[in-house]
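Worksheet: one structure, shown below.
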Amino acid sequence: MMNLALIHEAISEVIPERECIVFRDRRLTWSQVTDRTRRLADLLRAHGLGCHTERSGLEGWESGQDHVALYLHNGNEYLEGMLGAYKARCAPFNVNYRYVEEELLYLFENSDARAVIYHAAFAPTLEKIRDRLPGLRLLIQVEDESGNELLPGALDYEQALSQAAAVPLSGDLSPDDLYILYTGGTTGMPKGVLWRQEEIFCSALVSNPPPNIQAMQEKARSTPGIRCLPAPPFMHGAAHWVAFNMWHAGGTVLVQPGVERLDPDDIWSTLEREQGNALTIVGDAFARPLIDQLRKKEYDLSKMFLVTSGGAIFTASLKQELLDLLPDIRILDALGSSESGAQASHISTRETGASTGNFQLGASNCVLSDDLSHRLEPGSDEKGWLAREGWMPLGYYKDEGKTRETFPTVGGVRYSVPGDRACIEADGRLKLLGRDSVTINSGGEKIFAEEVELALKGHPAVYDCVVCGTPSERWGSQVTAIVQLREGSEVSEDALLSAANEHITRYKLPKRFVFVDEVVRAPSGKADYRWAREVASAAVEDHTPAG
């Protein structure tokens, strides 16, 4: 029975003294994390939180469990919050800590949050909206460097744990218990994706689903365990997916001390100090500053053998730069989404060289035709929808219509179709084209934003870029590129167009450039297309000279 709380407890039984989480001055063993998360579960249950309706009596867009908001920076408390909630049969969910009041209010109302575990730094924002959230029963505040006082009625995290009891798990934990992941909201309103724990475990939280928990115990006991640092915020699925993957193999999760912003020296220094084996990043937004730092300072990274990236483009040129600097590593470019779990991957090594955009499809994944009528065969030259069958979510919380749209039945088989456009090459490899939600329809042609971004990033003067559509009388919508140049670099628009034209056909080239000091991205490293459209539209409307 693959329940996330039961799995962690079972592995803890066989490696109790191995380090489970290392964060700043805390070196928490598996037995200590077990104790702390049992106490958190006891605290939640003491406030009446848990499961009230079993899964069998619910539709795919419904929940019978209480929901716990994790409004936190990275740290041991985030992963403890997830695990402790699972042990209480509550469903924790991720909160984007950059949200302003109205966005936060929407998220808490949409999720029907009953409890919030939050860092003290976010207390002032939470205080402004708490009176409009009558369903909140419990506030648990984690002390941090902000110095903000405890909100009235809130409990201090450490004090509350010390007063709770480390009660062993109840016997009613189920593989049907929910795992909830809210989408980022960079292209629309955030949506709560509901998974059964067994489904998300098999789809995203373990490399190869084992036959049973006993097999996982044996693997954890017989191997030393990988020491991995997931650099993105845990509120991003890719980061906590990696953390749970490490745990499910008996590994150790490393958290860099500086969690409020990306600090490349902090990340490399943590890996050096802790003899880390693996690092997780989110595409170019993380890779570029990390690579720049490796050129400035030497680190002993001899224990490292893996860098994993997911959630955003990782261009071939940057992969090659990283391989040149760390020749003994493998780079795993992983493709997936909140609604599908892991779907495809690509490995780059010193021997194979680096490439981007082509992936090896994972089991149970395919490309469906544009009209969702059938599966595409390799070499068909058709553009379709990346899809998954088998392990997949139940649906979107409180949204029956969107659930039926994203999880259609084709030929008697239920699929997850999150919105990625793709085709299958003659050799069976997947060619990812981009998200349909950010596709630009220009002059009757569909142009994928990520494809244009990838072409522009090949120019050495480009530090970062995001592409979106802006209104055009001639084309309906025109390709507009928001570009951040490398410090001290200069480049003409013609030079950028010429470089991009080596990779994409002429009609896909940007009709307009907007140069900015910094491309704004989500904390996860994903492109913020809402911001991009606002910046691009304002520049076009104002007829701001480009360059």
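The values are calculated or read from the model by the stated rules, or taken from the named source; none is laboratory data. Keep in mind that this is a model prediction, so the values were computed, not measured. No Cβ is skipped: glycine too gets one built from the backbone with ideal geometry, and neighbour counts run over all protein chains shown.
L229 falls short on exactly one of the conditions (1) modelled with pLDDT of 95 or more; (2) out of contact with any Gly (no Cβ under 6 Å at 6 or more places or on another chain); (3) buried (at least 22 other Cβ atoms within 10 Å of the Cβ), and that condition is (2). If I filter segment 353-362 for residues that are touching a Ser or Thr at 6+ places or on another chain (Cβ under 8 Å), buried (at least 20 other Cβ atoms within 10 Å of the Cβ) and at pLDDT 95 or above, do I get at least one hit? Taking every residue of segment 353-362 in turn, none turns out to be touching a Ser or Thr at 6+ places or on another chain (Cβ under 8 Å), buried (at least 20 other Cβ atoms within 10 Å of the Cβ) and at pLDDT 95 or above. One residue alone among R273, R295, R227 is of a type in the set (K, R), within 26 Å of C465 (Cα to Cα) and not assigned by TED's automatic domain parsing to the domain that holds G458, and that residue is R295. Any residue that is under 30 Å from E534 (Cα atoms) and touching a residue at least 60 places away in the same chain (Cβ under 8 Å) - is there at least one of those in segment 201-212? No: segment 201-212 contains no residue that is under 30 Å from E534 (Cα atoms) and touching a residue at least 60 places away in the same chain (Cβ under 8 Å). Only residues that are under 14 Å from Y78 (Cβ atoms), at pLDDT 95 or above and surrounded by fewer than 22 Cβ atoms within 10 Å (Cβ to Cβ) were counted across segment 93-139, and they come to 1.
Which numbered condition trips up A342, out of (1) buried (at least 19 other Cβ atoms within 10 Å of the Cβ); (2) among the aliphatic types (A, V, I, L, M); (3) under 21 Å from L454 (Cα atoms)? Only one criterion in (1) buried (at least 19 other Cβ atoms within 10 Å of the Cβ); (2) among the aliphatic types (A, V, I, L, M); (3) under 21 Å from L454 (Cα atoms) is unmet by A342, namely (3). Scan segment 319-375 residue by residue and report those that are acidic (D, E) and either assigned by TED's automatic domain parsing to the domain that holds I200 or assigned to a strand (DSSP E or B) (or both). Within segment 319-375, D333 is the sole residue that qualifies. I'd like to know if segment 261-276 contains one or more residues that are under 28 Å from I180 (Cα atoms) and among the small types (G, A, S). Among the residues of segment 261-276, not one is under 28 Å from I180 (Cα atoms) and among the small types (G, A, S), which makes the answer no. I'm told E102 meets every condition in (1) within 27 Å of G237 (Cα to Cα); (2) in contact (Cβ under 8 Å) with a residue 24 or more places away in the chain except one. Can you identify the failing condition by its number? The one condition E102 does not meet is (2). Residues in segment 150-168 include at least one that is over 27 Å from A5 (Cβ atoms), in the same structural domain as N110 (by TED's automatic domain parsing) and among the small types (G, A, S).
Among the residues making up segment 505-539, those that are in a loop (DSSP other than H, G, I, E, B) and in contact with a strand residue (DSSP E or B) (Cβ under 9 Å, 6 or more places away or on another chain) are L509, P510, K511, V516, D517, E518, V519, V520, G525, D528. Taken together, the criteria exclude S498 from residues that are part of a loop (DSSP other than H, G, I, E, B), in the same structural domain as A527 (by TED's automatic domain parsing), of a type in the set (S, T, N, Q) and out of contact with any Lys or Arg (no Cβ under 9 Å at 6 or more places or on another chain).
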